[in-house]
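The structure appears right after this line, and notes come after that.
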Amino acid sequence: MVAPLQDPVTLLELGCGSGEKIALLAEALRSRRRRVAIHLIDISPTALELSERTLGALEHVSVVGHRATYEEGLRHAARERPPHGGLLVLFLGSNIGNFDPPASHDFLSEIRQAMRPGDALLLGADLIKPVDQLLLAYNDPLGVTAAFDKNLLVRMNRELGADFDLAAFEHQAIWNPGERRVEMHLVSLRDQSAQIRRAGISVAFEAGESIWTESSYKYEPHEVVELVSAAGFHSHAQWTDPEARFALTLFLAE
């Protein structure tokens, strides 16, 4: 994955999580005696702290954390990189699926603008699966996704002074085949209203009406290539897991 990049290599991860994934690449570079600097970008101080702790075990690797949005952190880290050498931006998991197609293009174009020709982007993307598998992932029996979805109301109650009744909403995930996305909704179980005091508004719901909380777009492997190529990259290599239906694609900036 890092073979096309010139030394010194700068690794930059958008949404660092625990740091375990970028640590694998950093260790591979270090074992080949290649110099590596790492920039971590996340709005969560907890994620940055965890990733920095994970990477701190690696010798001869410099780590800089940026508590910022993807776009802001990317621009700042790109300005700090050495005048020579290669940059590898990692956008892993299935985070690109959280953007609708126009927003995906705009975001990928912004990544490209921060790069030099020959720099690389490693992108993860969730692929289209049988509908029953997709819905099971977003309607898991343990209710993990439902709790995640309802946490939106929890935060509004806590941070915006709202009074949503969590028991009066039900999590629902549906597959929209025309748009090729899973949609998550919080469906009102009865006629009701809620106050959002800090916003100074009241919201009324009829039974069956929903709050559309999230979308997750799915792709075919060639669609990932087409999406990113339109933003000024060309595909260098692609790896797919046929069972998990997930793709990792390495792109080079033109």
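Tabulated data
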item	result
Looking only at segment 37-59, and only at residues there that are acidic (Asp, Glu) and in contact (Cβ under 8 Å) with a residue 24 or more places away in the chain, the one that is farthest from Thr69 (Cα to Cα)	Glu59
Every residue from segment 61-96 that is under 14 Å from the mean Cα position of the chain (by Cα), in a strand (DSSP E or B) and aliphatic (A, V, I, L, M)	Val89, Leu90
Selection count where residues are under 22 Å from the mean Cα position of the chain (by Cα) and among the hydroxyl-bearing types (Ser, Thr, Tyr), scope segment 188-222	5
Test: Ser104 is surrounded by 15 or more Cβ atoms within 10 Å (Cβ to Cβ), at pLDDT 95 or above and either hydroxyl-bearing (Ser, Thr, Tyr) or under 17 Å from Leu227 (Cβ atoms) (or both)	yes
Residue in segment 25-32 that is touching a helix residue (DSSP H, G or I) at 6+ places or on another chain (Cβ under 8 Å) and not aliphatic (A, V, I, L, M) present	no
Tally, over segment 9-33, of residues that are among the β-branched types (Val, Ile, Thr) and part of a strand (DSSP E or B)	2
Strands (runs of 3 or more DSSP E) completely within segment 111-228 that count 1 or more residues being of a type outside the set (S, T, N, Q) and surrounded by fewer than 12 Cβ atoms within 10 Å (Cβ to Cβ)	201-205, 210-217
Residue within segment 46-60 that is part of a strand (DSSP E or B), closer than 28 Å to Phe246 by Cα and either in the same structural domain as Thr213 (by TED's automatic domain parsing) or not aliphatic (A, V, I, L, M) (or both) present	no
Single condition Ile211 does not satisfy, out of (1) touching a His at 6+ places or on another chain (Cβ under 8 Å); (2) farther than 23 Å from Gly161 by Cα; (3) not acidic (Asp, Glu)	(2)
Any hit, segment 223-236, residues being farther than 18 Å from Ser104 by Cβ, at pLDDT 95 or above, in the same structural domain as Leu121 (by TED's automatic domain parsing) and under 22 Å from the mean Cα position of the chain (by Cα)	yes
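The values are calculated or read from the model by the stated rules, or taken from the named source; none is laboratory data. Predicted, not measured: the structure shown is a model, and the values here were computed from it. Note that each Cβ is placed from the backbone with ideal geometry, even for glycine, and that neighbours are counted across all protein chains shown.
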